[in-house]
Structure formats: structure tokens, C-alpha cells
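Q: Got a structure here, written out as C-alpha cells. Questions coming.
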Amino acid sequence: MSGRSRLLVPYGMFAFTLGFSWFMLAPLVPTLVGQLKVGLGAVILFISFYGYAMIVGSLPAGWWVAYRGPRPVLITAVFLSVLGLLLRAVSHSYALFFVGQALAALAYPLLISPIGSVLRMAGITQRKMATGLTIGFLFLGMSFGAFLGGRLGTPAAFWTGWWLNLLVGIWLVARVPKKFASGNNQKSFHIHLRPSVWWLVGFVVASTSVMIGGIATPVLGHMHVASPAVLGGLLSGLTFLGSAVGAILFGALGERGTQGIRLQRILALCTWLSLLGVVLDFSGVVQIARGGLEVLFFLLGAFGNGWYSLALEESARVAADAGSAGLNTAGFSMASNIGVAVIPTYLGVMVLTHAGWWAVLTLILGILGLWVPFSIKKTSSSNHHTFHTMRRSR
């Protein structure tokens with residue numbers, strides 16, 4: 001493994017620490033409501049910060065990497081994350097916790113959004129595998145955070161997250177090359193932001209998976225299932241775990257052969273079928289045993305995030321150069337998190353009041369995503385068009 005390629009391991013591990021520090025909040029929400037003396041919505045807002053940061057910060061992060069290279073962006077991500085998590089760990093007031101969580105959340109788009117440029121400029125050639133590994137480690141961190149956060153409690157969970165983030169952050173900064181390949185040998189070139197149909201995959205997969213996880217507990221309670229909060233938490237954890245396994249496994253499989261679009265079609269169909277099973281159960285059409293529901297949630301995460309990771313790399317492949325690749329993946333991330341901000345809020349709430357309409361609209365949304373890989377010819381990497389052009393000189 002070359003010196004530049006060795007960036008991948010600490011890069012993926014730092015993504016793990018972000019996911020771990022982020023989702024350890026989920027089981028600690030009731031505790032924080034009491035400690036910070038605020039309402040439930042004010043604490044849940046902390047978890048949402050990462051999604052809002054991706055919407056606001058994705059394109060600026062992609063632009064920054066395109067013009068200055070990954071080094072200053074990655075170092076800033078480490079600095080903001082370490083500082084923010086430290087403030088969170090020492091805070092005894094809502095205001096300081098708010099500031100710390102907001103700073104830590106800004107590291108998320110800086111690290112993940114321009115992944116297309118980071119991998120290319122670092123000289124990593126197996127980019128489907130590398131993308132899957134990074135996204136997989138992010139979700140693996142979320143799974144561990146959700147599982148361990150409640151068991152560690154406060155403040156132990158926050159200090160554990162900070163120390164882990166600090167140590168891996170130092171490792172990442174030490175491995176970031178001072179010089180990256182630009183991906184273009186011309187004295188001047190254009191940086192293109194090229195929205196493509198692959199962005200729709202990010203929008204659909206991210207929004208539906210978050211919505212399903214978010215409504216699991218209230219739906220189970222509405223169905224009078226025993227211990228709905230416990231089962232709902234387990235199902236969400238299985239989705240995160242499946243997402244990690246799927247991204248890593250199918251990212252690696254995507255490197256084999258030249259017919260990558262065929263794998264995406266299979267994953268898209270399997271994702272939709274898994275979604276169909278959950279929708280039929282949640283809408284009361286069929287009753288699935290607990291074990292079957294657990295398998296469905298795991299598969300929904302595995303197939304969905306495997307497909308998501310491959311589509312993310314496809315959005316980078318349409319770029320003319322390494323700088324544009326990061327801008328394209330930043331746009332993909334922004335589209336994904338717009339879906340997360342909108343769909344669960346407006347569609348998810350319908351499941352208890354208009355279950356039939358919720359089921360129909362959710363499946364239609366899934367079909368829109370399913371259409372994308374089947375609309376792409378095997379000989380074409382993607383359909384795209386140029387949205388904006390910026391000139392860079394060096």
C-alpha cells in the first residue's frame with residue numbers, strides 16, 4: 001500500500017468516530033432532557049445538527065477541496081470535531097452543549113461530502129471499495145454509539161467519544177499528505193458541478209431508511225407490541241449494522257468485473273423488496289413475526305446502504321477531474337440530507353393517521369429510486385448534465 005493510499009484507514013476510522021459520537025446521543029435523550037432542563041425537541045435537535053450541517057456545508061466543502069486540496073479541509077474537520085466534542089463533554093448548560101454539538105457537526109460535511117476528490121487526489125484506485133469502507137465505518141460507528149451510549153451514561157459516553165475522536169484525529173492528521181495529486185495536468189481547467197440521476201438514489205435511500213427507523217417505535221406501540229421502545233431501538237440498531245455490512249461488502253464486490261450497473265440493479269430491487277415487507281407490516285396489511293421483522297430491517301440497511309455507496313461513487317465518476325469529483329459527491333450528500341430533513345417529517349407522520357396513503361407514497365418513492373439503475377445503459381456510467389462551471393487556475 002502506497003503512502004497516499006494509507007490515508008484510507010485513518011480516514012475511515014475517523015468517520016467511525018463521528019458516527020459513534022453522533023448516535024450515542026440517541027439513548028441518552030431522556031437523561032439530557034433532565035440534566036439540561038429543556039424539552040424533548042430541544043435535545044432531539046442535537047441529533048439533527050449533523051443532517052443540517054450536511055445540507056449547508058456539503059457544497060462549500062466540495063468547493064474548498066476542489067480549490068485547495070483535501071489537507072486543509074481534513075485538518076479543519078479534525079479540529080472542529082475535537083473542539084466541539086470537548087465542549088460537549090464539559091458542558092453543564094444547554095447553551096454550551098449547543099455550541100459544542102454544532103461545531104462537531106460541521107466536521108461531518110468536511111470529512112464525508114468531498115470523498116470523491118479525497119480518494120482520487122490520494123491516489124486510491126479501488127474507489128468503490130474505499131467509498132463503501134468509509135461509509136460502512138461511519139454507520140458502524142453509529143451502531144456502536146447507539147448500543148453503548150446508554151450503557152456508558154453521561155458523562156462517560158461523552159468523554160469516551162472525545163478521547164477516541166482525538167486519538168484517531170491525530171492519526172489522520174499525521175497521515176494526510178502535504179501534497180495531493182490534482183487529477184489534471186493542464187495549467188487551467190474547469191470545475192463542474194454535475195447533478196445526475198444518482199443523486200435521486202441518495203435522496204430516496206437516506207430519507208426512507210431514516211423515516212422507517214424513526215417511526216418504528218410509535219408504530220409498534222400503536223400495534224400494542226410488548227416493549228415497543230426496546231424492539232424499536234433494536235430494529236434501528238440492526239439497520240445501522242446492516243448499513244455498515246452492506247456498504248463494506250458491496251463496495252468491495254463493486255470492484256469486481258466491468259458490469260457494476262448490474263450489481264446496482266440487484267441491490268436496488270432487493271432494497272425495494274425489503275422496504276415493501278416493512279411497509280406491509282407497518283400499514284397492517286400483513287403481520288410479520290418479530291424475527292422476520294429483525295431480518296427485514298437488517299437487509300434494508302445492508303442492501304440500501306450498499307446501493308447508496310455505489311451510487312455515491314457513480315456520482316463522482318461523471319466528473320472531468322479530481323476536484324469536480326468531490327463537488328459532485330458533495331451534491332449527492334446534500335441531496336441525501338435534504339431528503340432526510342423533509343421526508344420523515346412530512347411523510348412519516350402519516351403512518352398512524354393515513355396508513356394506506358403512507359404505504360402507497362413510500363412505495364412510489366422507492367420506485368423512483370429503483371428506476372435509476374434500470375435507466376442507465378450498461379456502457380454508460382451515468383446520465384448527467386453540467387449545472388455550473390467555475391474556472392480554476394494554478
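Q: On the first, second and third principal axes, largest extent first, how far apart are the outermost C-alpha atoms of the range 192-393 in Å?
A: 62, 34, 26
Q: Could you estimate the translational diffusion coefficient of the range 275-325 from the Stokes-Einstein equation, with Rh from the Kirkwood formula over C-alpha pairs, at 37 °C and 0.692 mPa s, in whole µm²/s?
A: 251
Q: Further question: Note down the nm distance, to one decimal, between modelled labels 7 Å out along Cα→Cβ at residue 294 and at residue 173.
A: 4.3
Q: While we're here: State the answer as a single residue: which of 7, 238, 335 lies farthest towards the positive end of the charge dipole of the chain, with beta carbon charges of +1 for Lys and Arg and -1 for Asp and Glu, about the Cα centre.
A: Of the candidates, 7 comes out farthest on the positive side.
Q: If you filter the range 6-105 for trypsin sites (Lys or Arg not before Pro), then keep DSSP loop positions with at most 16 other Cβ within 10 Å, what is left?
A: Answer by residue number: 37.
Q: By how many nm would the segment from residue 227 to residue 361 lengthen if fully extended, with 0.36 nm per residue of separation less the alpha-carbon distance?
A: The span from residue 227 to residue 361 would gain 45.4 nm if fully extended.
Q: Right, another one. Nearest 20 debye, what's the magnitude of the dipole of the chain about its Cα centre given +1 on Lys and Arg Cβ and -1 on Asp and Glu Cβ?
A: Using only the charged Cβ atoms, the result is roughly 1480 debye.
Q: Using the Cα centre of the chain as origin and beta-carbon charges of +1 (Lys, Arg) and -1 (Asp, Glu), tell me which of 63, 16, 121 is placed farthest towards the positive end of the dipole.
A: Of the listed residues, the answer is 121.
Q: While we're looking at this one, here's another question. Can you give the alpha-carbon Rg of the range 271-370 over 2.2 N^0.38 Å, where N counts its residues?
A: Ratio of Cα Rg to 2.2 N^0.38 Å: 1.27.
Q: Multiply the residue separation of residue 368 and residue 266 by 0.36 nm, subtract the distance between their alpha-carbon atoms, and state the gained length in nm to one decimal.
A: 35.2 nm
Q: When only alpha-carbon atoms are used, what values of Rg and Dmax, in angstrom, describe the range 5-188?
A: Cα only, the range 5-188: 16.7, 59 Å (Rg, Dmax).
Q: Once every DSSP H run of n ≥ 4 in the chain is given -39500 (n - 2.57) and the sum is divided by its residues, what mean residue ellipticity at 222 nm do you get, rounded to the nearest 500 deg cm²/dmol?
A: Mean residue ellipticity at 222 nm (helix-derived): -26000 deg cm²/dmol.
Q: When the Kirkwood hydrodynamic radius is evaluated over all pairs of different C-alpha atoms of the range 234-318, what value in angstrom, to one decimal, is obtained?
A: Kirkwood hydrodynamic radius for the range 234-318: 13.2 Å.
Q: Using alpha carbon coordinates only, what is the Rg to Rh ratio of the range 101-176, with Rh defined as the Kirkwood radius?
A: When Rh is taken as the Kirkwood radius, the ratio is 1.01.
Q: Can you give the percent of C-alpha pairs in the chain whose distance is more than 33 Å?
A: When all Cα pairs of the chain are counted, 28 percent exceed 33 Å.
Q: May I ask you to list the residues of the range 38-57 whose amide nitrogen lies under 18 Å from a point 7 Å from Cα along the Cα→beta-carbon direction of residue 94?
A: Under cut-off, by backbone N: 38-49.
Read-outs throughout are calculated quantities, based only on the coordinates presented, and are distinct from any laboratory measurement. Nothing here was measured: the structure is a model prediction, and the numbers come from that model. Heads up, the Cβs are rebuilt from the backbone with ideal geometry, glycines too, and the neighbour counts pull from every protein chain shown.
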